[in-house]
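Before any comments, here is the structure.
The values are calculated or read from the model by the stated rules, or taken from the named source; none is laboratory data. Keep in mind that this is a model prediction, so the values were computed, not measured. Here the Cβ positions follow ideal geometry from the backbone for every residue, glycine too, while neighbour counts run over all protein chains shown.
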Amino acid sequence: MGEALNGLKRSYYGGELRENHIGETVTLMGWVQKRRNLGSLIFVDLRDKSGICQIVFDTAVSEEAFEKANSIRNEYVIAITGKVTKRESVNNNLPSGQIEVFADSLKILCESDVPPIHIDDNDEANERTRLKYRYLDLRKPKMQNYLFTRHKIASAARRFFDAEGFVDIETPMLTKPTPEGARDYLVPSRVNLNKFYALPQSPQLFKQLLMVSGFDRYYQITKCFRDEDLRADRQPEFTQIDVEMSFVDEDDVRAINENLLKYIFKEVANYDVQTPLLKLPYSEAMDRFGSDKPDIRFGFELKQMNHLFVGTEFKVFSDTLASNGDIRGININGYSDRFSRKDITKLEEFIKSYGAKGLAWIKFTNGEMQSSINKFLDDSQVEAIKALFEVGDNDMILIVADKPAVVYDSLGALRCEIAKQLNILDPKDYKFLWVTDFPLFEYDEEENRYVAKHHPFTSPKDEDVDKLESDPGSCRAKAYDIVLNGYEIGGGSIRIHNSTVQERMFKALGFTEEEAREKFGFFIDAFKYGAPPHGGIAYGLDRVVMLVTGTDNIRDVIAFPKTQDAKCLLTNAPSVAEQKQLDELYLKLTPVEKSNA
RNA sequence: GGUCCAGUAGUUCAGUUGGUUAGAACGCUAGCCUGUCACGCUAGAGGUCGACGGUUCGAGUCCGUUCUGGAUCGCCA
């Protein structure tokens, strides 16, 4: 049982006390980090959100108070009143280590069971345990710092947008299922039997309608939901900084967002973002880095080698060329000695997960060349390769031959994997860039049709509008992604604001007129009543926080995250619904063999 | 849907070729201790080795199934 406050007021956060407070009588409240009992002297490390402050109980207090101090344990919630004193022995590891508080009185506000995890940044408890007791895990200073940083980023963004005349407008959480894109989370409607809302994958349509309504500049920091498989950087519900502007083109949107990033990174990380940011067309990003979200903190760029192997005896390469495939390599320049044959075999295993069938290699060490394809290389080829990759000593060329998509995927991932293994990535080195000029469509092999690469409301480049019907594959979009250190932290586009072009777009995507009407009729209609040219962007807030805090786990920056199975280990959601609820919704469950109950 | 990794005390881990009573550190409990801050010293408690099944005289260890968590490919307009 805990004692009541009875009007007692906290006068300071303990971690904020310094030498200038010496002599003051203070009241502190917080959690017991640690008690050290030396017999007739007890030290207590008191923790609150500001940090740690050492409290001392000695024989000057009443015997009763001393006994009480002796009874406290880790994670008890206590309030103490006492005098700030210069320490006899200082602790330079503690910001408040010059002082301590000699306690006169102690209230135990709440006792605590022995916690299942240690409240300490160095605690290495299994994530399962941490998530089950998330409220304890979040007591760790490191975890608190993640969420404080998250708050600072969101808060800086709001200040920036407010100053620039953007309006924060909420859009519905219960909305219309969207046929394109990710799987929706569906919500049954009780008063409209057999009908469903979907949770928004993004406020896309609503923010565009707000532009039609004339709000001119909109932003919202809001949850979005996608029922897809999770990853270390992907959660089923995540937070988007959503932005839309009227009467703008691509450069206008990019310019204001560069200022936003400059402001946030200065405020939160004291980092100066150099603007204007690098702009890389999609085709160049793929060509040089094999990725549309390249990490440009290091080189190892891809080079096409097809012309060097025309007429080669090496069957893998000749077959690749015969089937319009691609042969590309990367030069791991200066690190050849860091990779044994065994290491290269592991790299080969790595790229196989991306569909590549093998990895050819050429090492140049101490003036000598070793290679897995030695017998297929003549002197002129070797010279050409040296020239192409500007080979110096201690270089290693890694080569993949396959369908272009496989070559891009595997080598793009490989250069990042190798940089990671070499430990040459500085997380505090923020390398931003825009990737621009995305293809408008990509071909979906399964559905046998073109699908929108970004979304169906993305405007084609002006010069490509005429190719919507004749050559959709070559249409480029007024779309841009903002990329930071290999992560896509945001993406956006100029939207279609012309209902005729919008209808042509739906047609190109294979929608019949009826389908387009049924799904997006309200949207097409809206654009018949005067829609301004508009465009915007959306950031993944969680990813931005990850990059600023330097964690590679998105769950670290979300207070109550889900597991890979989209479960919440704390609340045990999702769970079985009560029959009464199902009956009200006229929902009937299909028995499944594997019960998750 | 596929591939890979992990699961042993509250926590993190060790556990040899299958062999006696499954160990360590931290944490916890009790006692002692006036300058600790990774306090120290003494004593002690604490285990369904994720679960089920199999092989064996004998299984933490081998085999199968399954559950849980993680990484990743597909997927994520």
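Restricting attention to the range A:408-419, does a residue exist that is closer than 28 Å to A:Ala255 by Cβ and surrounded by fewer than 17 Cβ atoms within 10 Å (Cβ to Cβ)? No: the range A:408-419 contains no residue that is closer than 28 Å to A:Ala255 by Cβ and surrounded by fewer than 17 Cβ atoms within 10 Å (Cβ to Cβ). Scanning the range A:302-322 for residues that are part of a loop (DSSP other than H, G, I, E, B) and in contact (Cβ under 8 Å) with a residue 60 or more places away in the chain turns up A:Met305, A:Thr312, A:Glu313, A:Phe314. Pairing each residue of the range A:462-474 that is closer than 15 Å to A:Ile496 by Cα with any residue that is of a type in the set (Lys, Arg) and modelled with pLDDT of 95 or more, provided the two are 6+ apart or on different chains, yields C-beta distances under 9 Å for A:Asp462/A:Lys478; A:Glu463/A:Arg476; A:Asp464/A:Arg476.
With respect to A:Asp552, is the statement that it is acidic (Asp, Glu), farther than 23 Å from A:Glu180 by Cα and at pLDDT 90 or above true? Considered against the rule, which asks whether it is acidic (Asp, Glu), farther than 23 Å from A:Glu180 by Cα and at pLDDT 90 or above, A:Asp552 comes out as yes. Does A:Ser499 satisfy the condition of being small (Gly, Ala, Ser) and out of contact with any helix residue (DSSP H, G or I) (no Cβ under 7 Å at 6 or more places or on another chain)? Against the criterion (small (Gly, Ala, Ser) and out of contact with any helix residue (DSSP H, G or I) (no Cβ under 7 Å at 6 or more places or on another chain)), A:Ser499 does not qualify.
Of all residues in the range A:242-270, count the ones that are surrounded by fewer than 16 Cβ atoms within 10 Å (Cβ to Cβ), over 18 Å from A:Leu210 (Cβ atoms) and not acidic (Asp, Glu).
Applying the first criterion (surrounded by fewer than 16 Cβ atoms within 10 Å (Cβ to Cβ)) to the range A:242-270 yields A:247, A:249, A:251-252, A:255, A:259, A:266, A:270.
Among the residues that remain, those that are also over 18 Å from A:Leu210 (Cβ atoms) are: A:249, A:251, A:255, A:259, A:266, A:270.
Filter once more, so that each one left must be not acidic (Asp, Glu): A:255, A:259, A:266, A:270.
Residues that pass the stated criteria total 4.
From the list A:Ser189, A:Ser89, the one residue that fits, being out of contact with any Ser or Thr (no Cβ under 8 Å at 6 or more places or on another chain), within 12 Å of RNA strand B (Cβ to nearest atom) and small (Gly, Ala, Ser), is A:Ser89. Against the test of being of a type in the set (Phe, Trp, Tyr), within 16 Å of RNA strand B (Cβ to nearest atom) and in a helix (DSSP H, G or I), the options A:Phe506, A:Phe511 yield a single qualifying residue, A:Phe506.
Residue by residue, here is whether (1) among the hydroxyl-bearing types (Ser, Thr, Tyr); (2) farther than 17 Å from A:Ile327 by Cα; (3) in contact (Cβ under 8 Å) with a residue 24 or more places away in the chain; (4) in contact with a Ser or Thr (Cβ under 7 Å, 6 or more places away or on another chain) holds:
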position: A:Leu359; (1), (2), (3), (4): no, no, yes, no
position: A:Glu368; (1), (2), (3), (4): no, yes, no, no
position: A:Ser371; (1), (2), (3), (4): yes, no, no, no
position: A:Leu425; (1), (2), (3), (4): no, yes, yes, no
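Assuming A:Ile241 fulfils every condition listed in (1) within 17 Å of the chain's Cα centre (by Cα); (2) over 24 Å from A:Pro532 (Cα atoms) apart from one, which condition is it? Every condition holds for A:Ile241 apart from (2).
Hey, can you tell me all the residues within the range A:94-131 that are within 11 Å of RNA strand B (Cβ to nearest atom) and under 30 Å from A:Gly23 (Cβ atoms)?
At the first step, the residues of the range A:94-131 found to be within 11 Å of RNA strand B (Cβ to nearest atom) are A:94, A:96-102, A:111-120, A:122-131.
Of everything in the range A:94-131, those that are within 11 Å of RNA strand B (Cβ to nearest atom) and under 30 Å from A:Gly23 (Cβ atoms) turn out to be A:Leu94, A:Ser96, A:Gly97, A:Gln98, A:Ile99, A:Glu100, A:Val101, A:Phe102.
Scanning the range A:230-285 for residues that are of a type in the set (Gly, Ala, Ser), outside any helix (DSSP H, G or I) and touching a strand residue (DSSP E or B) at 6+ places or on another chain (Cβ under 8 Å) turns up just one, A:Ser246. Considering only residues in the range A:271-297 that are under 17 Å from A:Pro439 (Cα atoms) and among the hydroxyl-bearing types (Ser, Thr, Tyr), the one that is surrounded by the most Cβ atoms within 10 Å (Cβ to Cβ) turns out to be A:Ser291.
What are the residues in the range A:146-171 that are within 16 Å of RNA strand B (Cβ to nearest atom) and exposed (fewer than 14 other Cβ atoms within 10 Å of the Cβ), if any? Walk me through how you get there before you give the answer.
Just the residues of the range A:146-171 that are within 16 Å of RNA strand B (Cβ to nearest atom), to begin with: A:146, A:171.
Correct list: empty.
Hey, can you tell me all the residues within the range A:84-108 that are part of a strand (DSSP E or B) and either surrounded by fewer than 17 Cβ atoms within 10 Å (Cβ to Cβ) or free of Cβ contacts under 8 Å to residues at least 60 places away in the same chain (or both)? Please lay out each step first, then the result.
Going through the range A:84-108, the residues part of a strand (DSSP E or B) turn out to be A:84-86, A:99-108.
Result: A:Thr85, A:Lys86, A:Glu100, A:Phe102, A:Ala103, A:Asp104, A:Ser105, A:Leu106.
I'd like to know if the range A:172-185 contains one or more residues that are away from RNA strand B (no atom under 16 Å from the Cβ), closer than 23 Å to A:Arg150 by Cβ and not in a strand (DSSP E or B). No, that holds for no residue. Across the range A:98-120, the number of residues qualifying as charged (D, E, K, R) and touching a Ser or Thr at 6+ places or on another chain (Cβ under 8 Å) comes to 2. Taking the criterion of being under 12 Å from A:Glu237 (Cα atoms) and either within 10 Å of RNA strand B (Cβ to nearest atom) or surrounded by 20 or more Cβ atoms within 10 Å (Cβ to Cβ) (or both), the residues of the range A:525-563 that qualify are A:Gly540, A:Leu541, A:Asp542, A:Ile554, A:Arg555, A:Ile558, A:Pro561, A:Lys562, A:Thr563.
Every residue in the range A:478-504 that is among the aromatic types (Phe, Trp, Tyr) and surrounded by fewer than 24 Cβ atoms within 10 Å (Cβ to Cβ), please. Show your work before the answer.
So in the range A:478-504, the residues among the aromatic types (Phe, Trp, Tyr) come out as A:480, A:487.
Of everything in the range A:478-504, just one residue is among the aromatic types (Phe, Trp, Tyr) and surrounded by fewer than 24 Cβ atoms within 10 Å (Cβ to Cβ), namely A:Tyr487.
Within the range A:180-194, residues that are on the phi > 0 side of the Ramachandran plot reach partners that are among the aromatic types (Phe, Trp, Tyr) and away from RNA strand B (no atom under 16 Å from the Cβ) with beta carbons closer than 9 Å, at six or more positions or on different chains, in the pairs A:Asn194/A:Tyr586.
Suppose the filter is touching a Ser or Thr at 6+ places or on another chain (Cβ under 6 Å) and within 20 Å of A:Ile330 (Cα to Cα); does A:Asn394 pass it? Give the derivation first.
On the way: touching a Ser or Thr at 6+ places or on another chain (Cβ under 6 Å): yes; within 20 Å of A:Ile330 (Cα to Cα): yes.
Judged against the criteria, A:Asn394 is a match.
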